[in-house]
């Protein structure tokens, strides 16, 4: 399945995920402490420069992900402009875009496997306390498998609906059969899991 | 136990897949996506606990960097964006939807699910969403609420659909509708 990690590697891809997340948290706190539009513009420019260190293609891909923010930027500028405080509008809009850009940068340079490993490491105290984290890990893996299989099922249903119907385009009518398909698939996978010893087996083989 | 796990994972996937369906534009130009329909269904079909867990799993995968939010959004940027309240509200809304659906067990399935979807999937979700938007944009709660009112008619259609779909599922697979099992 597609992820938001940038396809071509930058130097930051190899850095530890925990360090990147820590830096992101500090940078975001700092952003919210800044209260002059000029300083915020500087932070925004610095973030843009960070994107450019990954190359032009990388920067362009990243900035495209910020595009959905434009209505909010427009609203902030217009609203505070009408209130007679355009500087505050600019400050808030720049902070919004910079904070999202920084977080997106971490997502773009951290492979999903690194993120999952970090979550597993963070859950270590829970395991020490005797909580079994295996079901959560299994659920995560199952979702990754179910998304493409459900998408394919939806595609098939859409095709057969089109073959039967004179009307064009997908219809909400496929939602019913799709939901039934989802329930049946989940029941079958549950049966398969149970046949292979289920979840309890994992707890004992873990030794926890 | 295995069934609970695969159902939770399946509905997390369903929320994702419904978000991938291209949005339908209503008569007055507001795009609606089917993603929140998935959140409602998680609650109406799986009940409070499992439905909430399904939406939580979906949210976790999104934050870890999968582009599963409608429009292909995802990653940590979601936490800083104005729609953060809606994303974080998904598990709360699914839980509330399931809680109400389970409490109304005397009503016919479709009605109970529809009521759960309206109160949980719209009421609770918008409460979270508007609060997040007002915090991120630095405007009052009422002003933030104004920004999202245009989406409520679409969500009402989805709540009705959620009720109908839950009724259909209950007729087709009574054992699998865990909120009534």
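For (1) in a loop (DSSP other than H, G, I, E, B); (2) away from chain A (no Cβ under 12 Å); (3) farther than 13 Å from residue B:117 by Cα, each residue gets a yes or a no:
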{"residue": "B:3", "(1), (2), (3)": "no, no, yes"}
{"residue": "B:13", "(1), (2), (3)": "no, no, yes"}
{"residue": "B:16", "(1), (2), (3)": "no, no, yes"}
{"residue": "B:36", "(1), (2), (3)": "no, yes, no"}
{"residue": "B:42", "(1), (2), (3)": "no, no, no"}
{"residue": "B:51", "(1), (2), (3)": "no, yes, no"}
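Would you say residue B:167 is touching a residue at least 40 places away in the same chain (Cβ under 8 Å), surrounded by fewer than 21 Cβ atoms within 10 Å (Cβ to Cβ) and under 25 Å from residue A:185 (Cβ atoms)?
Yes.
Here's the yes/no breakdown for (1) exposed (fewer than 15 other Cβ atoms within 10 Å of the Cβ); (2) touching a residue at least 12 places away in the same chain (Cβ under 8 Å):
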position: A:3; (1), (2): no, yes
position: A:12; (1), (2): no, yes
position: A:46; (1), (2): yes, no
position: A:49; (1), (2): yes, no
position: A:55; (1), (2): yes, yes
position: A:59; (1), (2): no, no
position: A:65; (1), (2): no, yes
position: A:68; (1), (2): no, no
position: A:93; (1), (2): no, yes
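For region A:72-91, which residues satisfy the criterion of being closer than 30 Å to residue B:66 by Cβ and more than 9 Å from chain B (Cβ to nearest Cβ)?
Residues satisfying the conditions are A:73, A:74.
It is to be established whether one or more residues within region B:20-32 are buried (at least 24 other Cβ atoms within 10 Å of the Cβ), touching a helix residue (DSSP H, G or I) at 6+ places or on another chain (Cβ under 9 Å), within 7 Å of chain A (Cβ to nearest Cβ) and at pLDDT below 95.
No, there is no match, as no residue in region B:20-32 is buried (at least 24 other Cβ atoms within 10 Å of the Cβ), touching a helix residue (DSSP H, G or I) at 6+ places or on another chain (Cβ under 9 Å), within 7 Å of chain A (Cβ to nearest Cβ) and at pLDDT below 95.
Please go through region B:109-152 and give me each residue that is at pLDDT 90 or above and at positive phi, ordered by number.
Listed by number, the list is empty, since nothing qualifies.
As an exercise: evaluate residue A:85 against (1) buried (at least 18 other Cβ atoms within 10 Å of the Cβ); (2) closer than 16 Å to residue A:36 by Cβ and give the number of the one condition it does not meet.
Result: residue A:85 passes all but (1).
At least 3 residues that are in contact (Cβ under 8 Å) with a residue 40 or more places away in the chain and more than 16 Å from the chain's Cα centre (by Cα) in each: list the helices (runs of 4 or more DSSP H) lying fully within region B:64-164 that qualify. Spell out the reasoning first.
On the way: elements: B:84-103, B:109-116, B:125-137, B:141-148.
Answer list for region B:64-164: B:109-116, B:125-137.
May I ask you to verify whether residue A:191 is under 28 Å from the mean Cα position of the chain (by Cα) and more than 7 Å from chain B (Cβ to nearest Cβ)?
no
Pick from A:94, A:4: which is outside the structural domain of residue A:108 (by TED's automatic domain parsing) and either out of contact with any strand residue (DSSP E or B) (no Cβ under 6 Å at 6 or more places or on another chain) or on the phi < 0 side of the Ramachandran plot (or both)?
A:4
The values are calculated or read from the model by the stated rules, or taken from the named source; none is laboratory data. None of the values given here were measured: they were computed from a predicted structure. Note: ideal-geometry Cβ built from the backbone for every residue, glycine included; neighbour counts use all protein chains shown.
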